[in-house]
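Working notes for the structure below.
What follows is calculated from the coordinates using simple rules that are stated; it is not laboratory data. Predicted model only: the values in this text are computed from it and were never measured. No Cβ is skipped: glycine too gets one built from the backbone with ideal geometry, and neighbour counts run over all protein chains shown.
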Amino acid sequence: MTTKKQRRDVIAGLVVDKFRIDRSKVRPTSRLIDFGIDSVQALELIVELERVFDVSIPDQDLTELETLEDIARYVERRKRAG
């Protein structure tokens, strides 16, 4: 089982690697839009999150996922729900 901090670190790492963002600029409160991540790129990130965390993220839930912290909390809820 991963901790909340570990999940946040993995999510931040995915954002840094996938979109070539400076790690020092990535915070839990960072919004995807602030990094210039558009809707297509957000979908690519969601696919990667689904793979890494073995969760399903329905398209209609994407509007909930503005910040890295939002994503971490969402993944945690989905993992608990099974």
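Tabulated values for the structure
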{"read-out": "Failed criterion for residue 55 (all others in (1) of a type outside the set (Gly, Ala, Ser); (2) part of a helix (DSSP H, G or I); (3) touching a Leu at 6+ places or on another chain (Cβ under 8 Å) hold)", "value": "(2)"}
{"read-out": "Matching residues, segment 1-17, being surrounded by 13 or more Cβ atoms within 10 Å (Cβ to Cβ), among the aliphatic types (A, V, I, L, M) and free of Cβ contacts under 8 Å to residues at least 40 places away in the same chain", "value": "14, 16"}
{"read-out": "Residue list for segment 56-82, restricted to those being β-branched (Val, Ile, Thr) and more than 16 Å from residue 10 (Cα to Cα)", "value": "57, 63"}
{"read-out": "Positions within segment 24-55 being of a type in the set (A, V, I, L, M) and under 18 Å from residue 9 (Cα atoms), in sequence order", "value": "26, 32, 42, 45, 46, 47, 49, 52, 55"}
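Here's the yes/no breakdown for (1) closer than 21 Å to residue 6 by Cβ; (2) buried (at least 16 other Cβ atoms within 10 Å of the Cβ):
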position: 19; (1), (2): yes, no
position: 23; (1), (2): yes, no
position: 26; (1), (2): yes, yes
position: 29; (1), (2): yes, no
position: 32; (1), (2): yes, yes
position: 38; (1), (2): no, no
position: 47; (1), (2): yes, no
position: 51; (1), (2): yes, no
position: 67; (1), (2): yes, yes
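Here is a yes/no grid of residues against (1) assigned to a helix (DSSP H, G or I); (2) under 18 Å from residue 75 (Cα atoms); (3) not basic (Lys, Arg):
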{"residue": "5", "(1), (2), (3)": "yes, yes, no"}
{"residue": "8", "(1), (2), (3)": "yes, yes, no"}
{"residue": "11", "(1), (2), (3)": "yes, yes, yes"}
{"residue": "15", "(1), (2), (3)": "yes, yes, yes"}
{"residue": "21", "(1), (2), (3)": "no, no, yes"}
{"residue": "29", "(1), (2), (3)": "no, yes, yes"}
{"residue": "44", "(1), (2), (3)": "yes, yes, yes"}
